[in-house]
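Visitor: Below is one structure. I have some questions about it.
The values are calculated or read from the model by the stated rules, or taken from the named source; none is laboratory data. All values derive from a computational prediction rather than experimental measurement. Neighbour counts are summed over all protein chains in view; Cβ atoms, including those assigned to glycine, are modelled from backbone coordinates with ideal geometry.
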Amino acid sequence: MRLPQVSSNTATVASPVFVGFNVNVMHAGIDIDLVRELMNESTKMTWEKVKPMVEDARKQIAQRKSGEYIPVYQWWEYLYNELKKREQTLQAQQ
């Protein structure tokens, strides 16, 4: 299956959705398993598509800010990582 191209505009529009779910997961407003059921594949697919673009943006910003880490899309990445961890935990339990 060929995935659609992701532009910076798409990432800008989609990011608040993932941030919103992440904040709720972090503050126990939503169970990670519910987010996994609703958004696991879309979170993985979109983050993997935008990750190179985000990493480039982080590098460009860091160069202008004397090498400090700039958390561009950090919450989207965090949600992706949490979903991956949960997936690995569930696989290990089987």
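Visitor: Considering only segment 48-88, how many residues are under 17 Å from residue 25 (Cα atoms) and assigned to a helix (DSSP H, G or I)? Don't jump to the end; show me each part of the working.
Guide: First, pick out the residues of segment 48-88 that are under 17 Å from residue 25 (Cα atoms): 73-87.
When the remaining residues are screened for being assigned to a helix (DSSP H, G or I), the result is 74-87.
Total satisfying the criteria: 14.
Visitor: Check 30, 61 and return the single one that is aliphatic (A, V, I, L, M), over 20 Å from residue 87 (Cα atoms) and either modelled with pLDDT under 85 or within 14 Å of the chain's Cα centre (by Cα) (or both).
Guide: Values: 30 fails: over 20 Å from residue 87 (Cα atoms).
It is 61.
Visitor: Next question, about the same structure. Please identify the pairs in which a residue from segment 32-49 that is over 17 Å from residue 89 (Cβ atoms) has its Cβ atom under 9 Å from the Cβ atom of a residue that is charged (D, E, K, R) and crowded, with 16+ Cβ neighbours inside 10 Å, counting only partners at least 6 apart or on another chain.
Guide: Cβ pairs passing all conditions: 47/77.
Visitor: I'd like to verify a number: residues in segment 64-82 that are at pLDDT 75 or above and hydroxyl-bearing (Ser, Thr, Tyr), how many?
Guide: Matching residues across segment 64-82 total 3.
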